[in-house]
């Protein structure tokens with residue numbers, strides 16, 4: 001124990017090592033605080049939906065109650081959906097920084113509503129919001145380099161290397177120093193994260209998984225620094241070489257791989273789906289209404305016995321051609337989603353080669369902030385929108401009056417399905 005305390009004192013006397021540990025600790029704490037603040041802001045935004053939603057619906061209900069028109073209720077009523085963050089989202093915000101986590105939808109064409117904001121596709125570990133994942137993946141290797149680049153070369157340049165090698169158990173000395181540096185770096189990262197995880201209510205399994213991944217990532221970079229150190233170069237050369245390795249492994253190669261994957265797996269933009277859907281919707285005004293209704297009834301035969309359209313405008317035709325527009329771009333939507341999933345699989349496979357990419361994928365998966373989580377949210381929106389449309393169809397296609405009390409019978413987005421551990 002005494003010899004370990006001696007090694008700690010020697011390490012902390014080195015100004016660079018002490019400064020590096022203090023700075024990494026400060027960055028770790030700042031990233032946890034920033035991540036928790038962002039997730040708290042998102043939770044507050046979701047919680048704030050209820051009050052204005054109640055006011056909006058009350059105003060629309062008072063107006064619609066005069067005409068009893070279900071079509072007006074369907075057209076003017078927006079229904080909120082939201083993607084509640086998981087307890088671990090503070091550590092890896094992922095796609096929640098670039099994709100909507102609140103979306104108000106109407107019973108009209110859904111695809112244009114979903115893809116108006118489009119999905120960003122950060123398939124690979126590229127720099128993003130300042131959170132724990134950013135500190136761990138992009139900044140921590142620099143601190144490993146600062147503490148390990150002169151582990152051996154520094155002693156050689158100070159003229160102590162031969163003496164240390166001549167002492168009994170010289171190999172244990174180097175192993176002890178490397179272990180000590182690893183432990184201090186790990187604790188500097190782990191303690192702020194553990195505190196944030198406890199405050200956020202993260203389950204122990206996820207905490208251990210991330211701490212284990214962080215330890216392995218540290219060990220990878222330590223092995224890189226030790227391998228470079230064995231080449232016998234000076235400390236300055238070691239540092240420059242390791243900085244180049246960091247640049248290539250964490251930024252250059254992931255960025256190049258991002259470009260290669262995007263070009264090898266071409267995917268249309270969501271905006272193109274929106275444009276195609278809207279063209280079909282607008283075209284419905286130029287063709288006979290009966291043609292639209294035939295196409296609608298072909299996929300919704302249970303409403304085919306609805307009374308025929310009269311000469312006046314009817315909202316069931318309006319909602320019908322919006323649904324036909326959605327169905328007309330269904331193949332493009334499936335192709336778009338399949339392309340995104342192929343890119344995501346390719347990026348995750350690359351994670352077995354590039355540790356930074358693999359760790360980013362693991363963190364966002366555990367935090368439920370990756371592409372899979374966004375697509376799952378879209379699936380929940382589609383399921384809700386289907387129930388919403390059928391609810392209004394029940395009034396429109398049977399010409400039932402829609403009064404103030406009927407607003408309370410409209411489907412509600414199932415928040416319970418969003419609870420995550």
Original post:
Does any residue of region 358-380 turn out to be more than 19 Å from the chain's Cα centre (by Cα) and surrounded by fewer than 20 Cβ atoms within 10 Å (Cβ to Cβ)?
Top reply: no
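The rows are residues; the columns are (1) touching a helix residue (DSSP H, G or I) at 6+ places or on another chain (Cβ under 9 Å); (2) under 30 Å from residue 396 (Cα atoms); (3) assigned by TED's automatic domain parsing to the domain that holds residue 195.
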site	(1), (2), (3)
43	no, no, no
50	no, yes, no
70	yes, yes, no
81	yes, yes, no
86	yes, no, no
90	yes, no, no
94	yes, no, no
Subject >> Within region 329-349, tally of residues that are crowded, with 19+ Cβ neighbours inside 10 Å and within 22 Å of residue 388 (Cα to Cα) >> reply: 2
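Please verify whether region 82-100 includes one or more residues that are over 30 Å from residue 199 (Cβ atoms), modelled with pLDDT of 95 or more and assigned to a loop (DSSP other than H, G, I, E, B). Explain how you work it out, then say what you get.
To start, the set of residues in region 82-100 that are over 30 Å from residue 199 (Cβ atoms) comprises none.
The answer is no; no qualifying residue exists.
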Original post:
So which helices (runs of 4 or more DSSP H) stay within region 107-170 end to end and still have 2 or more residues that are over 30 Å from residue 267 (Cβ atoms) and at pLDDT below 90?
Top reply: 153-157, 161-166
Subject >> Index of the failed condition, residue 210 passing every other in (1) within 19 Å of residue 147 (Cβ to Cβ); (2) surrounded by 13 or more Cβ atoms within 10 Å (Cβ to Cβ); (3) modelled with pLDDT of 95 or more >> reply: (1)
Original post:
In region 363-410, what count of residues is obtained for those that are without any contact (Cβ under 8 Å) to a residue 40 or more places away in the chain and either closer than 30 Å to residue 133 by Cα or in contact with a helix residue (DSSP H, G or I) (Cβ under 7 Å, 6 or more places away or on another chain) (or both)?
Top reply: 5
**OP:** Among the numbered conditions (1) surrounded by fewer than 16 Cβ atoms within 10 Å (Cβ to Cβ); (2) over 30 Å from residue 253 (Cα atoms); (3) in contact with a helix residue (DSSP H, G or I) (Cβ under 7 Å, 6 or more places away or on another chain), tell me where residue 352 comes up short.
**Re:** (2)
Original post:
In this structure, does residue 368 turn out to be at positive phi, outside any helix (DSSP H, G or I) and out of contact with any strand residue (DSSP E or B) (no Cβ under 8 Å at 6 or more places or on another chain)?
Top reply: yes
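Residue under question is residue 416, and the condition is that it be modelled with pLDDT under 95 and in a helix (DSSP H, G or I); does it hold?
Taking the combined requirement at face value, the residue satisfies it.
The values are calculated or read from the model by the stated rules, or taken from the named source; none is laboratory data. Everything numeric in this text was worked out from a predicted model, so none of it was measured. Every residue, glycine among them, receives a Cβ derived from its backbone with ideal geometry; neighbour counts consider all protein chains shown.
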